[in-house]
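Asker: Before we start, here is the structure in question, set down as structure tokens.
The values are calculated or read from the model by the stated rules, or taken from the named source; none is laboratory data. Fair warning: this is a prediction, and the values are worked out from it, not measured in the lab. With ideal geometry, Cβ positions are generated from the backbone for all residues, glycine too; neighbour counts draw on all protein chains shown. Side chains included, ligands, DNA and RNA excluded: accessible areas come from the protein's heavy atoms. Shrake-Rupley method; radii C 1.70, N 1.55, O 1.52, S 1.80 Å.
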Amino acid sequence: MKVNGFFFAALFLLSSCVSTPQPTPHEAKQSSQVESITIAAAGDVFMAGTAQKILDEKGYDASFQPTQHLLDQADIAVANLEGAITSGGTAYADKTYVFRMSPEHVAPALKKAGIDLVTLANNHIMDYGVVGLEDTKKILEEHDIATMGAGLNEAQARVPYIFKKGDYSVGFLAYSLTFPEEFWASDTQAGTAFAYEEKMREDIQALKSQVDSIVVSFHWGRELETELRPYQTRMGHMAIDQGASLVIGHHPHIMQGIERYKNGLILHSLGNYVFGSYSNKVQFGGLAHIQLNRLGFERLEMSLIDVNNFRRDFQPIVLEGKAFDQAFKDIELLSKPLNTVVQQQGNKLIVE
């Protein structure tokens, strides 16, 4: 799907390992001079729940069909996978909502849609325990979809994913800043990579010598709120200060402001993409194309998508006309206090 794009799945370490492993990127078959790279970034994906009946009737592939062309236009496409792909495990007892998805249908649909990499650093990947996590990683690997942000111990969870296009390489890191705390990985416990500031600095610094650009994903913020929590600003700025060119946020299920900071870009929340729930608080999300070069962020071109499932039945479409204009104004207002000017070019939101 992607031109000259190859990716690798970072190898699991033994569960007793406590040092941070060093990844080895898959070399491209053709060596070529590349000046920039384009990343497609999507929001939260959960293909089950209240969507189950419609997914069974229409097929899982149908959810992505109206927007798949946007994923195809990038060198690599990344999304947040909000839950385990498993039929096993035991549900975590102390949560109102626990998520799992069909092993038979979800991974093939993600692959066909063109999603190359998913972050598992969220508050649902451990809903069905270690079994759910292991099943998810195994089935995604079988479908050549890479993962980041969770593992059998903290060292595994912190392993970066490296993507190469010609002589250009991008390193991806993913962290969760959401509860329950029992889902955070430790030296001896499986789970997600929590964004401990010192460890995050170490991870970015170690990755800088291996790649041309760094992307950091955070699961953060408050659900269904556009107002940023103070730590989002602090952690997003810290990631870029340490060397990241792009920060991608998830968890609120709605879009938050876009922030241009130094030589980087922070997408505080892209909102939902394909998500199995109904809520009139969820109206639109973002599907972003971000161009990076060796100096940092170069350009954002974002489509706004209708993700209100009362209208869309779990099949997002690109907003156009007046619907786009209104959504654009909302993001413009949210981004202005972040000292960021967003521009409108047709039915695209642009940040240069």
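Asker: Summing Lys, Arg as +1 and Asp, Glu as -1, what charge do residues with Cβ under 14 Å from the Cβ of PRO180 carry, PRO180 excluded?
Answerer: -3
Asker: Counting DSSP beta bridges with both partners in the range 174-289, what percentage is antiparallel, nearest 5?
Answerer: 30 percent
Asker: Please report the net charge: other residues with Cβ closer than 11 Å to the Cβ of GLY257, K and R +1, D and E -1.
Answerer: Around GLY257, the surrounding residues sum to -2.
Asker: Here's something else I'd like to know. Distance check, please: which entries in LYS138/LYS329; LYS164/LYS322; LYS137/LYS208; LYS53/LYS95; LYS208/LYS348; LYS281/LYS336 exceed 30 angstrom between their Cα atoms?
Answerer: In this structure, LYS138/LYS329; LYS164/LYS322; LYS208/LYS348 exceed 30 Å between Cα atoms.
Asker: Grab the other residues whose beta carbon is less than 12 angstrom from that of VAL34, score K and R as +1, D and E as -1, and report the net.
Answerer: Taking every Cβ under 12 Å from that of VAL34, the sum is -1.
Asker: In a GNM of the chain with a 10 Å cut-off on Cα contacts, which of MET238, MET47, MET101 has the highest mean-square fluctuation?
Answerer: MET238
Asker: Per-residue HN-Hα couplings for the range 171-179, Karplus 6.51 cos²θ - 1.76 cosθ + 1.60 at θ = phi - 60°, whole Hz, x for Gly and Pro?
Answerer: Residue by residue, the range 171-179 yields x, 10, 10, 9, 9, 10, 10, 10, 8 Hz.
Asker: Counting only protein heavy atoms and using a 1.4 Å probe, what share of the accessible area of the range 105-230 belongs to carbon plus sulfur, as a whole percent?
Answerer: 46 percent
Asker: What does the C-alpha gyration tensor say about the overall shape of the chain? Classify as rounded when a/c is under 1.5, otherwise prolate if a/b is larger than b/c, or oblate.
Answerer: rounded
Asker: I've got another one for you. Can you compute the label reach from GLU223? Point 7 Å from Cα along the Cβ direction, backbone N cut-off under 19 Å, restricted to the range 259-274.
Answerer: 269-274
Asker: What distance in nm separates the two pseudo spin-label positions at GLN291 and GLU142, each 7 Å out from Cα along the beta-carbon direction?
Answerer: Those two pseudo-labels are separated by 4.0 nm.
Asker: LYS112 versus ASP325, label points 7 Å from Cα toward the beta carbon: distance in nm?
Answerer: My value for the distance between the label points is 3.7 nm.
Asker: Thinking of the range 213-352 as a set of Cα atoms, what percent of all their pairs are more than 25 Å apart?
Answerer: 22 percent
Asker: Using a Gaussian network model of the chain whose springs link C-alpha atoms within less than 10 Å, name the residue from ALA48, ALA84, ALA206 with the highest mean-square fluctuation.
Answerer: Evaluated over the chain, the most mobile residue of the options is ALA206.
Asker: Still on this structure, I have one more. For SER217, SER209, SER32, give the ranking by accessible area with the largest first, probe 1.4 Å.
Answerer: SER209, SER32, SER217
Asker: Label GLU57 and PHE310 with points 7 Å out from Cα along Cα→Cβ: what is the distance between them in nm?
Answerer: Distance between label points: 1.8 nm.
Asker: If you wrap the range 47-132's Cα atoms in a convex hull and average its projection over all directions, what's the area in nm²?
Answerer: 5.9 nm²
Asker: Over what distance in Å are the Cα centres of the range 43-109 and the range 267-337 separated?
Answerer: That distance is 18 Å.
Asker: While we're looking at this one, here's another question. Please give the peptides 267-275, 109-117, 158-166 ranked by average Cβ packing (other Cβ atoms within 10 Å per residue), highest first, as a rough proxy for protection.
Answerer: Per-residue mean Cβ counts within 10 Å order the peptides as 267-275, 158-166, 109-117.
Asker: Can you give the relative contact order of the chain as a percent, counting alpha carbon pairs under 8 Å and 6+ residues apart?
Answerer: About 18 percent, as a whole number.
Asker: Turning to a different aspect of this structure: If you restrict to DSSP beta bridges whose two residues both lie in the chain, what percentage is antiparallel, to the nearest 5?
Answerer: 55 percent
Asker: To continue, here is another question. So which aspartates and glutamates can LYS199 reach, going by Cα to Cα under 16 Å and dropping same-chain residues fewer than 8 places off?
Answerer: Output for LYS199: GLU154, ASP187, ASP241.
Asker: What do you get for Rg/Rh over the range 113-224 if you use C-alpha atoms and the Kirkwood form of Rh?
Answerer: 0.97
Asker: Could you run the Karplus curve 6.51 cos²θ - 1.76 cosθ + 1.60 with θ = phi - 60° over the range 56-67 and give me ³J(HN,Hα) per residue in whole Hz, x for Gly and Pro?
Answerer: 5, 6, 8, x, 5, 4, 4, 4, 9, 4, x, 10
Asker: Pop out the ³J(HN,Hα) list for the range 118-129 in order, Karplus 6.51 cos²θ - 1.76 cosθ + 1.60 with θ = phi - 60°, rounded to Hz; leave Gly and Pro as x.
Answerer: Listing the rounded values in order: 10, 8, 9, 7, 8, 8, 10, 5, 9, 4, 10, x Hz.
Asker: Which FRET efficiency value, to the nearest 0.05, do you get for ILE350 and GLU202 by plugging their Cβ-Cβ distance into 1/(1 + (r/R0)^6) with R0 = 30 Å?
Answerer: After rounding to 0.05, the efficiency reads 0.30.
Asker: If you average the C-alpha positions of the range 177-227 and of the range 111-168 separately, how far apart do those two centres end up, in angstrom?
Answerer: 14 Å
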